[in-house]
Amino acid sequence: MSIVLGLNAYHADSAAALIKDNELLFAVEEEKLNRKKHWAGFPEKSIEEAIKFSGIKKNEILNIAINTNPYSNISRKIPFFLMNFLLGEKKNEIFTRFKKKTSLKKLLIQKYNFNKKIKIHYIDHHLSHIASAYYASDFKKCLAISIDGFGDFASINLAKCNNKKITVFKKIYFPDSLGIFYEAMTQMLGFKNYGDEYKIMGMASYGFPEFYDIIKKSLFIENDFFKLNLVYFNHTQKNYSYKYDGVPQQQNIFNNKIFDIFDESTIENKKENIAASVQKVFEHFLIKIIKYGLSKYPTENLCLSGGCSLNSSANGKIIQATSVKKIFIPYAPGDAGGAIGSAMIVNNKKSNKILTNIKTPYLGPEFTNKQIQEALKNLDLNKFNYQEFNLDELCKEIALKISNSHVVGWFQDRIEFGARALGNRSILADPRNKNMREIINTKIKRRESFRPFAPTILEEEKENWFSNEYYNHYMEVVIKIKNKKKNLVPAVTHIDESCRLQVITELDNIKFYTLIKSFYKLTNVPILLNTSFNENEPIVCTPEEAIDCFLRTKMDNLVINNYIISRN
């Protein structure tokens with residue numbers, strides 16, 4: 001029996017993934033279990049769930065992969081550390097993280113009772129990202145690019161991939177980072193929580209990029225391939241804190257010099273235009289980086305990974321702007337996905353067999369009917385009722401309710417891995433209702449009105465509704481809806497006529513597919529509005545959490561497996 005446990009630990013979105021006998025068996029992020037967004041500590045609960053699901057024993061796990069190598073790029077780390085961090089408080093943060101990573105074996109043996117013979121495989125952060133994309137793609141040969149804030153002292157890696165071999169040929173090192181630029185601008189616009197960059201992406205469609213030139217000219221060194229103008233950034237300062245211990249916390253990445261460009265009045269009154277400008281600058285450099293990679297390694301195939309590849313708006317520009325014909329972005333391109341990528345690398349070193357189950361995102365915990373029935377007992381039957389259906393009748397009933405403007409919580413089987421709800425932990429609604437965004441925001445989500453909701457469409461209908469060749473099963477790319485269709489689904493069509501689309505097949509997810517098929521037969525629209533099942537929290541994982549979210553919001557119906565729960 002061959003087992004590899006992959007970890008993302010002491011970094012945002014900590015997670016665990018388990019490969020057993022060349023099958024990706026299980027993966028879950030810690031935040032979905034401990035209910036603390038972007039948890040950056042040790043993924044204790046994730047490891048426990050992986051072991052429980054697989055039925056293996058701890059002493060059978062001898063290989064543990066982690067998506068970091070503290071010694072990566074050491075020849076660059078040490079001089080930079082001595083010049084910039086030696087005399088400040090930052091060094092304590094660096095030493096603490098280094099010690100936690102390098103003492104992982106001791107922790108696992110002494111505190112968590114793992115086998116004393118375990119081997120820790122330290123896999124470079126970006127190599128883990130690239131593996132999570134390349135090994136899951138159908139490409140024999142491709143250019144692979146990992147772009148994020150930072151990992152192992154680099155922000156960008158470009159690699160040649162061929163016959164399962166990954167060869168990195170270009171790196172961008174600390175302190176230059178496209179992710180750091182975007183995060184700094186996100187903070188400047190008032191979104192201070194870790195991971196808020198997607199809000200700027202949504203806001204950008206409402207603005208005009210009037211500040212594009214000044215941002216590119218001021219915040220970057222002109223005539224360089226990619227280099228930040230550090231005058232405007234704090235992350236190289238000796239006392240700067242970027243806390244990766246528990247819930248991530250960071251001081252402002254931008255410094256007050258930025259107000260020479262944007263005064264407070266401009267920031268307050270022109271947020272949409274600044275967001276549009278930031279997005280355009282991001283896209284400019286993303287395309288530049290891809291074109292550089294293609295000049296060194298010509299290919300029609302591209303794999304993208306790293307947190308920056310969650311920018312689905314930018315991803316939608318790549319085929320039109322480059323010679324790329326096919327793009328693959330995994331369901332978890334961010335740091336959590338590195339747990340899978342690192343485990344894949346170790347597994348591939350030990351086995352020549354094909355790794356299976358690498359396409360599906362439905363990798364987390366699932367719950368038995370007995371557990372669901374126990375959770376339902378806590379409902380006040382004077383206020384709520386529930387009924388069990390077979391799948392076809394359930395889907396017909398829920399399709400009818402959605403067509404009558406009901407907002408439905410949809411909880412099925414195993415929870416998705418990654419940042420997006422893909423049909424097992426979703427809130428679903430009618431995309432035809434032009435008021436549905438406001439209804440959902442009022443009843444449940446309580447989020448900014450400029451943020452769009454995503455559509456999920458039956459794969460066989462995709463070409464009838466959308467304009468190009470992207471077939472994104474994980475909401476990885478924003479694409480345009482056809483002009484004749486946009487008025488039919490206003491609730492999922494963004495102001496710029498784009499949609500962050502998910503394509504679904506019967507093979508992907510038979511329950512979700514059957515529901516949308518039922519809605520299609522009823523309405524002649526093969527699309528449902530699909531947003532994550534939560535209310536300003538991590539996506540719900542357990543039946544109890546689903547019921548709690550249903551009770552404290554004004555959701556109309558809740559579906560848990562084959563049960564429909566309704567308000568009396």
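Using helices alone, I'd like the mean residue ellipticity at 222 nm for the chain: each DSSP H run of four-plus residues gives -39500 (n - 2.57), total over residue count, nearest 500.
-9500 deg cm²/dmol
Note down the nm distance, to one decimal, between modelled labels 7 Å out along Cα→Cβ at residue 370 and at residue 468.
5.2
Translational D (Stokes-Einstein, µm²/s) of the stretch 373-434 at 25 °C and 0.890 mPa s when Rh comes from the Kirkwood sum over C-alpha pairs?
Roughly 180 µm²/s, to the nearest whole number.
Would you mind calculating the gained length between residue 71 and residue 537 on full extension (0.36 nm times residue separation, minus the Cα-Cα distance), in nm to one decimal?
Here the segment from residue 71 to residue 537 would lengthen by 164.3 nm.
Output the relative contact order of the stretch 1-128, whole-number percent, from Cα pairs under 8 angstrom with separation of 6+ residues.
26
Working out 0.36 nm times the residue gap between residue 117 and residue 405, then minus their Cα-Cα distance, what length gain in nm do you get to one decimal? Provide the component values of the computation, followed by the final result.
Working: separation 288, 0.36 × 288 = 103.68 nm, distance 5.75 nm.
Full extension from residue 117 to residue 405 adds 97.9 nm.
Where does the charge balance sit around residue 232 when Lys and Arg score +1, Asp and Glu -1, over other residues with C-beta under 12 Å from its C-beta?
Net of charged neighbours comes to +1.
Near residue 378, within a Cβ-to-Cβ distance under 11 Å, what is the net charge of the other residues, with Lys and Arg +1 and Asp and Glu -1?
-3
Please give the charge dipole size of the stretch 37-100, origin at the Cα centre, charges +1 on K and R Cβ atoms and -1 on D and E Cβ atoms. Round to the nearest 20 debye.
140
Within the stretch 1-19, name every residue whose backbone N is under 13 Å away from a label modeled 7 Å from Cα of residue 350 along the Cβ vector.
1-7, 18-19
Run the quick spin-label model on residue 388 and residue 58: label points 7 Å from Cα toward the beta carbon, then report their separation in nm to one decimal.
3.7
Note down the magnitude of the dipole of the stretch 265-370 about its Cα centre, charges +1 on Lys and Arg C-beta and -1 on Asp and Glu C-beta and zero elsewhere, to the nearest 20 debye.
400
Provide the per residue accessible area, probe 1.4 Å, for the chain, rounded to a whole number of square angstrom.
41
Once you've got the Cα coordinates, tell me which of 91/257; 271/317; 326/445; 119/370; 101/165 are over 28 Å apart.
Correct reply: 326/445; 119/370.
Give the calculated FRET efficiency between residue 379 and residue 359 to the nearest 0.05, with a Förster radius of 41 Å applied to their Cβ-Cβ distance.
In this case the efficiency is close to 0.70.
What does the extension gain come out to for residue 483 and residue 138, with contour length at 0.36 nm per residue minus their alpha carbon separation?
Details: separation 345, 0.36 × 345 = 124.20 nm, distance 3.19 nm.
Separation in residues times 0.36 nm, less the Cα-Cα distance, equals 121.0 nm.
With all protein chains present, how much of the accessible area of the stretch 1-86 (probe radius 1.4 Å) comes from carbon and sulfur, to the nearest whole percent?
C and S atoms contribute 53 percent here.
If eta is 1.002 mPa s and T is 20 °C, what Stokes-Einstein diffusion coefficient results for the stretch 309-464, Kirkwood Rh from Cα pairs, in µm²/s?
On the way: Rh = 19.5 Å.
Stokes-Einstein gives a translational diffusion coefficient of 110 µm²/s.
Give the relative contact order (percent, whole number) for the chain; include only Cα pairs under 8 Å separated by 6+ residues.
Working: 1194 pairs, mean separation 95.5, N = 568.
With pairs under 8 Å counted, the relative contact order is 17 percent.
Could you tell me what percent of the accessible area of the stretch 320-451 is made up of carbon and sulfur, with a 1.4 Å probe and every protein chain present?
Values: 2700 of 5780 Å².
After summing per-atom areas, the C and S share lands at 47 percent.
Taking every pair of alpha-carbon atoms in the stretch 256-382, give the share separated by more than 23 Å as a whole percent. Display every interim value, and only then the final one.
Details: 4814 of 8001 pairs.
So the pairs more than 23 Å apart make up 60 percent of the total in the stretch 256-382.
Please report, in whole Å, how far the alpha carbons of the stretch 472-517 spread along each principal axis, starting with the longest.
31, 21, 15
Place +1 on the Cβ of every Lys and Arg and -1 on the Cβ of every Asp and Glu in the chain, take the dipole about the Cα centre, and give the residue among 78, 424, 347 whose Cα lies farthest towards its positive end.
78
What does the highest-first list of 409-417, 191-199, 77-85 look like by mean Cβ count within 10 Å?
Peptide ranking by packing, descending: 409-417, 191-199, 77-85.
As an exercise, use a Förster radius of 41 Å and the Cβ-Cβ distance of residue 320 and residue 568 to find the FRET efficiency, rounded to the nearest 0.05.
That pair, residue 320 with residue 568, gives E of 0.20.
Below 8 Å between Cα atoms, with a sequence gap of 6+, how large is the relative contact order for the stretch 177-290 in percent?
Taking the mean separation of contacting Cα pairs over the length of the stretch 177-290, I get 41 percent.
Just to confirm a number: summing +1 for Lys and Arg and -1 for Asp and Glu over residues other than residue 423 whose beta-carbon lies under 9 angstrom from that of residue 423, what do you get?
0
Under a crude label model (7 Å from the Cα following the beta-carbon direction), how far is residue 44 from residue 264 in nanometres?
Rounded to a tenth, the inter-label distance reads 4.3 nm.
Which order do the peptides 328-334, 483-489, 430-436, 541-547 take when ranked by the mean count of other beta-carbon atoms within 10 Å per residue, highest first?
328-334, 541-547, 430-436, 483-489
Going highest first, how would you order 386-398, 495-507 by mean Cβ packing within 10 Å?
On the way: 386-398: 15.8, 495-507: 19.1.
Output ranking for 386-398, 495-507: 495-507, 386-398.
Which one is right for this structure if mean projected area of the Cα convex hull in nm² is calculated from it: [x] 29.3; [y] 32.4; [z] 25.3?
So the calculated entry is the one marked [z].
Along the charge dipole of the stretch 339-407, pointing to its positive end and built from +1/-1 on Cβ of Lys, Arg, Asp and Glu, which listed residue (384, 365, 400) has its Cα farthest out?
365
Residues of the stretch 219-248 with amide nitrogen under 19 Å from the 7 Å Cα-to-Cβ point of residue 256?
Once the point is set 7 Å along Cα→Cβ of residue 256, 230-241 turn out to lie under 19 Å by backbone N, inside the stretch 219-248.
Got a sec? Charge dipole of the stretch 1-55, +1 on Cβ for Lys and Arg, -1 for Asp and Glu; which of 22, 33, 3 is way out at the positive end?
33
State to the nearest 20 debye the size of the charge dipole of the chain about its Cα centre, where the only charges are +1 on K and R beta carbons and -1 on D and E beta carbons.
Numbers: 80 positive and 61 negative charges, 297 e Å.
Using only the charged Cβ atoms, the result is roughly 1420 debye.
The values are calculated or read from the model by the stated rules, or taken from the named source; none is laboratory data. Note that the coordinates shown come from a computational prediction; the quantities given were computed from them, not determined experimentally. Here the Cβ is made from the backbone with ideal geometry for all residues, glycine too, and neighbour counts use every protein chain on show. Note: accessible area is taken over every heavy atom of the protein model, side chains too, but ligands, DNA and RNA are not part of it. Shrake-Rupley method; radii C 1.70, N 1.55, O 1.52, S 1.80 Å.
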